[in-house]
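The values are calculated or read from the model by the stated rules, or taken from the named source; none is laboratory data. Keep in mind the model is a prediction, meaning the values are calculated, not measured. So basically every Cβ, Gly included, is an ideal-geometry build from the backbone, and we count neighbours across all protein chains shown.
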Amino acid sequence: MYHYVREFSPKMPYFKYLNIENFIKQLDYFEDEYGFLSKPEFEEVIFNKTKSTPSKKIVLTFDDGLSDHYKYVYPELVRRGLWGIFYIPAKPYLEKNFLGVHLIHSLVGSIPAAKLLSQLESKITEEMLTDLIRNDFSEETYVNQKNPASIDKFKRILNYFIDYKYREGILSELVSVNNIDDDVDSFYLSVNQIREMHDNEMIIGSHSVNHPVLSKLNYSEQKFEIFESLNFIELTLGQNIIRTFCFPYGGSRSYNKDTLALLNDSGYDFSFSVDYRDVTKEDLLNNIQSLPRYDCNFFPHGEAS
């Protein structure tokens, strides 16, 4: 699983990303140590529930529909004859607006963490933090990231603890006071780039509409995120596609039984979570809507710059 793959930008001196040179080194490592599952092999595994191919092969996934993926990742995959799965959130295309999660990343990447946390704490009140009591949000988030405590607290408040009805307004204030660039067109893939990648054997999947923690939402809200994001993909690419989803934020705390039922009801072929282990035959048979995958930082050359 990858997110940002890019080069350093002096505009965001604290931003965490995987440098493109390390991405290339990691692909070399995967090729030498494991090999890559071909797209026909992958489809055989997913649709026929077989594991006839050699074990331990790698499948590459890329979240969030970032322009990084077209500029840096896609050319390298094409050069090597590889393919990947790219998960696209719909809001930047439907509303021409930034996702909250990416405004948070831009803030953390641009402004010293202690200053950001102080600004945030001056704007929030206790009644805004409706999910502060959830131990899974407190204890199981960001455990595999090496962040200062102030960054983890800042991100937990805005991604997990806060009631979403307050989040957008507070983020808008923080973006404005810190002069954060929120140019949607340059940050995300364009529709034409998505179509080009699809036409060249990349799988384009759904990553919800608004990138929420789905377990914070009621059934109807989850249904909107899951059905409308697939509708966007189908309107963009047509009906003859592989239907796949990955959970925003990813871990088991980020979804619930309603999520899994809705994924099955809406016709998704498979979905990815971020339980850090290999996919097993049991997963293919019984957990097709919550397949595990590793973050790239579990492997050599994958640590964030």
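Evaluating Ile180 against the criteria (1) within 27 Å of Tyr160 (Cα to Cα); (2) surrounded by 17 or more Cβ atoms within 10 Å (Cβ to Cβ); (3) within 19 Å of the chain's Cα centre (by Cα) leaves one unmet condition, (3).
Does the range 56-75 contain at least one residue that is among the charged types (D, E, K, R), on the phi > 0 side of the Ramachandran plot and crowded, with 21+ Cβ neighbours inside 10 Å? Yes.
Being surrounded by fewer than 18 Cβ atoms within 10 Å (Cβ to Cβ), over 29 Å from Gly251 (Cβ atoms) and either in contact (Cβ under 8 Å) with a residue 60 or more places away in the chain or aliphatic (A, V, I, L, M) (or both) holds for only one residue in Lys11, Lys39, and it is Lys11.
The helices (runs of 4 or more DSSP H) found wholly in the range 124-187 and carrying at least 2 residues that are within 16 Å of Leu99 (Cα to Cα) and of a type in the set (Asp, Glu) occupy 164-177. Of the residues making up the range 199-212, those that are surrounded by fewer than 18 Cβ atoms within 10 Å (Cβ to Cβ) and in contact (Cβ under 8 Å) with a residue 24 or more places away in the chain are Asn200, Glu201. Note on the range 113-144: residues that are under 13 Å from Gly251 (Cβ atoms) and in contact (Cβ under 8 Å) with a residue 24 or more places away in the chain amount to 6. Among the residues making up the range 229-253, those that are charged (D, E, K, R) and either part of a helix (DSSP H, G or I) or outside the structural domain of Phe42 (by TED's automatic domain parsing) (or both) are Glu234, Arg253.
Within the range 254-297, the set of residues being assigned to a helix (DSSP H, G or I) and either under 15 Å from the mean Cα position of the chain (by Cα) or not assigned by TED's automatic domain parsing to the domain that holds Val209 (or both) comprises Ser254, Cys296, Asn297. Gly205 falls short on exactly one of the conditions (1) over 25 Å from Glu234 (Cβ atoms); (2) of a type outside the set (A, V, I, L, M, F, W, C); (3) not in a helix (DSSP H, G or I), and that condition is (1). Filtering Ile85, Ile111, Ile104 for residues that are among the β-branched types (Val, Ile, Thr) and touching a Gly at 6+ places or on another chain (Cβ under 9 Å) leaves a single hit, Ile85. Within the range 68-99, no residue satisfies the criterion of being modelled with pLDDT under 95 and small (Gly, Ala, Ser). Quick check on Ile58: is it touching a residue at least 24 places away in the same chain (Cβ under 8 Å), of a type in the set (Val, Ile, Thr), under 23 Å from Asp275 (Cα atoms) and assigned by TED's automatic domain parsing to the domain that holds Thr244? So Ile58 fits the description; yes.
If you filter the range 74-98 down to residues that are out of contact with any helix residue (DSSP H, G or I) (no Cβ under 7 Å at 6 or more places or on another chain) and hydrophobic (A, V, I, L, M, F, W, C), you find that the one that is farthest from Glu21 (Cα to Cα) is Ile85.
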